[in-house]
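Right, one structure below, let's go through it.
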Amino acid sequence: MLKYLLIIVLIMISFCAQAQNEKPAKVTGIVTTENNKPAANATIALVRAKDSALVKISVPNENGVYEFENIKPGSYLISVTYSGYKKQCSNSFVITETNKMVTVPGIILQPAAGTLSAVTIESKKPFIERKIDRLIVNVENSIVSTGSTALEVLEKSPGVMVNQESGLNLKGKSGVTVMFDGKPSPLSGADLITYLKSIPAANIERIEIITNPSAKYDASGNAGIIDIRFKKDKREGYNGTAGISVGQGVYTKPSANITLNYRKKKWNVFTTDAFTAPKGFTDFYINRKFFAGGNGPVESIFDQTTFTRQPQHSFNLRTGADFYATKRTVIGALFSSTFYRGIRDGLSDALVTNPDGTLQFKNLTSNLLKDRRYNLQCNLNFKHTFDSAGTELNADADFGRFNARPKQDIFINTFDAGSNPLSSSVQKSDQQSTITIKSFKADFTHPLKGKAKFEAGIKTSFVTTDNDVKFFNVVNGSSVPDVSRSNHFIYTENVNAAYVNYSKEFKSTSVQGGIRMEHTNSKGDQVTTSQNLNRNYVQLFPSIFLMQKLNEQNELSLSYSRRIDRPTYRQLNPFKLLVDNYTYVLGDPYLKAVLSNSYQFGYTYKSKYNVTWSYLQSKDAITDVFVQDDVTKISSQIPANMQTYQQYDMEVNIPVSVKKWMNSNVDVSVYYNKYSSPLQGGQLQNNFTTWDFNITNAFVLGKKGWTAELNAFYQSKNAWGQFIIRNLAQVTAGIQKLSKNKKSVYKIAVADIFSTNHIAVIVKYQNQDWFTDRTWDSRFVTFSYTYRFGKNTVARARQRTSGMEDEKKRAN
């Protein structure tokens with residue numbers, strides 16, 4: 001593995017050396033204002049003299065000095081624009097093979113007549129925005145996202161399905177990589193859901209859904225990538241926003257947030273803090289049938305209703321700084337943490353009846369879970385730009401630690417048909433989970449002649465997850481350890497990766513191809529039973545993208561990528577987690593990684609109407625399955641590899657605009673999921689055709705700062721592994737008022753107006769015939785107020801991501 005990494009490093013060094021040794025044509029100059037102050041935030045455009053066609057754009061440094069490199073021979077001029085000043089152009093000049101160094105005479109800007117003291121430029125993006133390689137959910141300006149959490153915004157996103165216990169999937173596909181600012185979360189399953197609930201939508205700028213990533217991304221995630229991008233202020237000087245919101249459903253959901261940013265010369269310092277204290281509930285119903293001998297007639301019917309109150313408190317902190325050491329070198333640091341405290345206080349009423357409806361016995365269970373979590377992430381980053389053409393090197397070093405300490409008390413009381421007590425018991429558990437992640441990555445980008453670009457990178461990551469779960473039975477008031485269910489599992493993993501990527505634009509054709517190699521070395525140590533599991537393997541992941549422009553109105557695209565989905569750390573842990581006294585969750589240390597091949601073909605009309613056809617084929621796809629014991633009435637939920645999984649998908653995206661007062665976006669998908677696998681002594685065949693649509697509407701109500709939104713989505717029945725997930729829908733609406741000075745924003749929004757957003761599941765396989773329906777506090781009204789303060793003039797800002805790209809989405 002080391003020799004491959006050395007090859008990539010040598011390639012990167014050779015391109016760096018080439019970038020340093022070349023002596024390209026260069027244009028330099030200086031721009032100032034009328035009082036001789038540097039115009040450090042002006043926009044400098046290099047244009048062709050003959051037709052004013054734009055060649056390149058630059059921004060001067062703090063001294064007003066700008067430069068352009070790699071300029072082809074020709075006649076040019078410099079055009080300067082600066083907020084509050086008149087546009088100004090230089091005299092034309094000529095670049096030749098013998099005259100490669102040109103210094104443009106200094107340009108002095110003059111104030112524009114009737115200049116305002118400050119100019120604010122705002123553009124409203126649609127809630128759903130379709131790009132050629134991804135779908136973007138613009139959360140920042142969304143009215144209906146007011147007072148929501150990151151999880152609730154994802155519920156409104158096309159193709160995303162949220163399962164409160166097992167996590168997220170895209171169009172029925174598991175294996176979604178969830179990233180935060182380019183760094184995947186180490187959390188998965190219910191723990192990821194809990195974390196997403198703690199993030200207020202007010203802190204999010206946008207969510208990117210990438211279904212077919214290139215070789216530059218980590219190969220993990222068969223269904224694709226969901227990248228949640230947090231807000232970062234882009235304005236010069238001191239500025240920020242502060243907001244407060246209160247939602248009211250069955251319970252109250254308050255939250256508050258503040259964003260501060262200070263940008264001065266070489267320093268940019270920022271922080272975002274948010275506090276949420278929502279209270280919610282889950283109402284869960286399950287009906288199960290039990291059969292004599294496992295395959296005989298129905299022997300008994302199990303009806304269970306569980307109502308759980310879920311108050312929680314969370315505090316999110318994200319702070320960092322960028323230091324512009326030189327015009328081309330930036331050094332940054334980022335620190336983020338989350339403190340979470342939540343309670344799940346549930347009461348379950350289970351009736352076990354005969355087939356004729358007469359009662360056999362009943363069970364009352366009280367379940368109290370107290371959960372405390374603390375997550376810490378640190379990032380150091382470096383960026384150096386070699387020339388104005390865009391040759392650059394980015395490096396990131398990351399450290400993350402995720403701690404969880406849930407404690408659970410379960411009180412079980414059983415009664416006969418006459419309500420006479422039969423038995424009672426108390427069970428306790430104390431779980432400690434710590435995940436530590438260390439990673440380093442470097443990415444090199446080098447534009448080449450003829451609109452080509454070369455990219456290469458390396459990455460190494462080390463992950464350790466330590467899960468120690470202790471169960472106790474309470475006997476005569478004393479807690480007695482239950483060694484049969486207690487478990488201590490330690491998992492370590494090292495992944496080394498390297499990739500190369502090449503892209504080229506021709507007159508009407510664009511191509512991009514790349515390959516990524518990943519070496520995985522992992523070890524699972526079952527401390528309790530002394531079992532060990534070791535794996536060591538190398539995988540290659542190619543990707544290719546083609547785009548053909550037929551004419552000004554028609555465009556075709558084709559892409560292919562190979563991807564992997566490694567089991568999450570919890571899925572590999574074979575401990576038994578008690579959900580209630582009739583349901584357990586187990587892991588499987590022998591789960592295989594999932595390998596998938598993804599193909600996409602797209603058609604674009606007039607650069608805005610899109611149709612995409614895609615096909616996905618996965619080997620050993622991982623889904624949750626249930627195993628039922630008809631004697632004890634206990635069901636176990638375990639992850640399992642499905643032998644084959646296929647999906648055929650067609651998606652249509654249509655933007656609609658009615659003059660200046662309404663903008664809509666309609667996204668419609670039809671997809672066919674096909675599962676085929678041996679399972680529990682039988683052959684599972686679960687195939688289903690599903691369709692969904694998502695429509696967003698934005699309205700401008702007059703000219704006094706009033707706007708509104710009305711959004712809706714619907715998804716029909718869907719197949720996922722052993723399950724059929726029934727249809728679900730949601731309609732949301734909101735209205736917003738922007739103050740005259742554009743500093744205050746007032747919003748009111750209603751989520752899930754018709755209370756149609758719930759998850760219902762059907763299973764009919766072997767000895768299993770059951771149905772579940774889960775509802776929660778999804779319908780609520782939110783009032784919010786946001787105040788913007790500080791300087792509002794727009795300035796350039798650094799955009800970057802950092803390096804935990806795959807590890808964080810797999811932890812819990």
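Here Ser484, Ser423 are screened, and the one residue that is small (Gly, Ala, Ser) and modelled with pLDDT of 90 or more is Ser423.
The C-beta contact set for the range 752-769 (first residue farther than 26 Å from Phe291 by Cα, second residue open to solvent by less than 50 Å² (accessible area, probe 1.4 Å) and of a type in the set (Phe, Trp, Tyr), distance under 8 angstrom, 6+ apart or interchain) comprises Asp752/Phe780; His758/Trp776. Residues that are at pLDDT 70 or above, open to solvent by less than 60 Å² (accessible area, probe 1.4 Å) and out of contact with any Pro (no Cβ under 7 Å at 6 or more places or on another chain) are absent from the range 123-132.
For the residues Phe323, Phe281, the requirement of being open to solvent by 20 Å² or more (accessible area, probe 1.4 Å) and within 25 Å of the chain's Cα centre (by Cα) singles out Phe281. Out of all the residues in the range 675-684, is one or more without any contact (Cβ under 8 Å) to a residue 12 or more places away in the chain and more than 20 Å from Thr786 (Cα to Cα)? Yes: the range 675-684 contains one or more residues that are without any contact (Cβ under 8 Å) to a residue 12 or more places away in the chain and more than 20 Å from Thr786 (Cα to Cα). Test Asn711 against the criterion of being at pLDDT below 90 and either more than 23 Å from the chain's Cα centre (by Cα) or assigned to a strand (DSSP E or B) (or both), and give yes or no. Spelling it out, Asn711 is indeed at pLDDT below 90 and either more than 23 Å from the chain's Cα centre (by Cα) or assigned to a strand (DSSP E or B) (or both).
Scanning the range 596-610 for residues that are part of a strand (DSSP E or B) and either at positive phi or open to solvent by 30 Å² or more (accessible area, probe 1.4 Å) (or both) yields Asn597, Tyr599, Gln600, Phe601, Tyr603, Tyr605, Tyr609. Screening the candidates Pro73, Pro38 for the property of being touching a residue at least 24 places away in the same chain (Cβ under 8 Å), surrounded by fewer than 17 Cβ atoms within 10 Å (Cβ to Cβ) and closer than 23 Å to Thr329 by Cβ yields one hit, Pro38. Residues in the range 404-429 that are within 30 Å of Ser461 (Cβ to Cβ) and either surrounded by 15 or more Cβ atoms within 10 Å (Cβ to Cβ) or among the β-branched types (Val, Ile, Thr) (or both): Ala404, Pro406.
Of the candidates Asn381, Asn403, the single residue that is of a type outside the set (D, E, K, R), assigned to a strand (DSSP E or B) and without any contact (Cβ under 8 Å) to a residue 40 or more places away in the chain is Asn403.
Listed here are the strands (runs of 3 or more DSSP E) enclosed by the range 441-552 that have at least 2 residues being over 30 Å from Gln571 (Cβ atoms) and out of contact with any Pro (no Cβ under 8 Å at 6 or more places or on another chain): 452-475, 487-505, 509-526, 531-549.
Screening the range 482-508 for residues that are hydroxyl-bearing (Ser, Thr, Tyr) and open to solvent by less than 40 Å² (accessible area, probe 1.4 Å) and picking the one that is nearest to Thr465 (Cα to Cα) gives Tyr491.
Of the residues that sit in the range 615-630 and are of a type outside the set (S, T, N, Q) and either in contact with a helix residue (DSSP H, G or I) (Cβ under 8 Å, 6 or more places away or on another chain) or over 30 Å from Trp691 (Cβ atoms) (or both), which one is surrounded by the fewest Cβ atoms within 10 Å (Cβ to Cβ)? Let's see the steps before the verdict.
Step one: of the range 615-630, the residues of a type outside the set (S, T, N, Q) are 615-616, 619-622, 624-627, 629-630.
Remaining after also requiring either in contact with a helix residue (DSSP H, G or I) (Cβ under 8 Å, 6 or more places away or on another chain) or over 30 Å from Trp691 (Cβ atoms) (or both): 622, 627, 629-630.
Details: Ile622: 25, Val627: 17, Asp629: 13, Asp630: 19.
Selected residue: Asp629.
Looking at the range 533-548, is at least one residue open to solvent by 80 Å² or more (accessible area, probe 1.4 Å) and closer than 17 Å to Val463 by Cβ? The answer is yes, given that some residue of the range 533-548 is open to solvent by 80 Å² or more (accessible area, probe 1.4 Å) and closer than 17 Å to Val463 by Cβ. Within the set Lys704, Lys717, Lys743, the sole residue that is open to solvent by 30 Å² or more (accessible area, probe 1.4 Å) and within 25 Å of the chain's Cα centre (by Cα) turns out to be Lys717. Filtering the range 517-540 to residues that are of a type in the set (A, V, I, L, M, F, W, C) and modelled with pLDDT under 90 leaves Val527, Leu533.
The set of residues from the range 762-785 being assigned to a strand (DSSP E or B), in contact with a Ser or Thr (Cβ under 8 Å, 6 or more places away or on another chain), of a type outside the set (Phe, Trp, Tyr) and open to solvent by 40 Å² or more (accessible area, probe 1.4 Å) comprises just one member, Thr775.
Taking (1) without any contact (Cβ under 8 Å) to a residue 40 or more places away in the chain; (2) under 22 Å from Val176 (Cβ atoms) in turn, Pro639 satisfies each apart from (1). Only a single criterion out of (1) within 29 Å of Ser429 (Cβ to Cβ); (2) open to solvent by 30 Å² or more (accessible area, probe 1.4 Å) is not satisfied by Val298, namely (1). When the residues of the range 631-678 are filtered to those that are outside any strand (DSSP E or B) and farther than 25 Å from Ala719 by Cα, the one that is least open to solvent (accessible area, probe 1.4 Å) is Lys633. Filter the range 560-595 down to residues that are β-branched (Val, Ile, Thr) and more than 25 Å from Leu616 (Cα to Cα) and give me whichever is least open to solvent (accessible area, probe 1.4 Å). Out of the qualifying residues, it is Thr583. On inspection, Gly342 passes the criterion of being open to solvent by less than 40 Å² (accessible area, probe 1.4 Å) and in contact with a strand residue (DSSP E or B) (Cβ under 8 Å, 6 or more places away or on another chain). In the set (1) modelled with pLDDT under 75; (2) surrounded by 11 or more Cβ atoms within 10 Å (Cβ to Cβ); (3) more than 30 Å from Asn536 (Cα to Cα), Asp51 fails one condition alone, (2). Mind checking whether some residue in the range 353-372 is assigned to a strand (DSSP E or B), open to solvent by less than 50 Å² (accessible area, probe 1.4 Å) and in contact with a Lys or Arg (Cβ under 6 Å, 6 or more places away or on another chain)? Within the range 353-372, one or more residues are assigned to a strand (DSSP E or B), open to solvent by less than 50 Å² (accessible area, probe 1.4 Å) and in contact with a Lys or Arg (Cβ under 6 Å, 6 or more places away or on another chain). Checked against the criterion of being within 30 Å of Glu392 (Cβ to Cβ), of a type in the set (Phe, Trp, Tyr) and open to solvent by less than 20 Å² (accessible area, probe 1.4 Å), the candidates Phe444, Phe440, Phe454 yield just one match: Phe444.
Here is a yes/no grid of residues against (1) surrounded by fewer than 16 Cβ atoms within 10 Å (Cβ to Cβ); (2) not in a loop (DSSP other than H, G, I, E, B):
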| site | (1), (2) |
| --- | --- |
| Val250 | yes, no |
| Lys253 | no, yes |
| Ala256 | no, yes |
| Phe270 | no, yes |
| Ala274 | no, yes |
| Ile286 | no, yes |
| Ala333 | yes, yes |
| Ala350 | no, yes |
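For Tyr262, the stated conditions do not hold, so it cannot be described as open to solvent by 10 Å² or more (accessible area, probe 1.4 Å), within 30 Å of Lys362 (Cβ to Cβ), aromatic (Phe, Trp, Tyr) and at pLDDT 80 or above.
The values are calculated or read from the model by the stated rules, or taken from the named source; none is laboratory data. Predicted, not measured: the structure shown is a model, and the values here were computed from it. With ideal geometry, Cβ positions are generated from the backbone for all residues, glycine too; neighbour counts draw on all protein chains shown. Remember, those area values only see protein heavy atoms, side chains included, never the ligands or the DNA or RNA. Shrake-Rupley method; radii C 1.70, N 1.55, O 1.52, S 1.80 Å.
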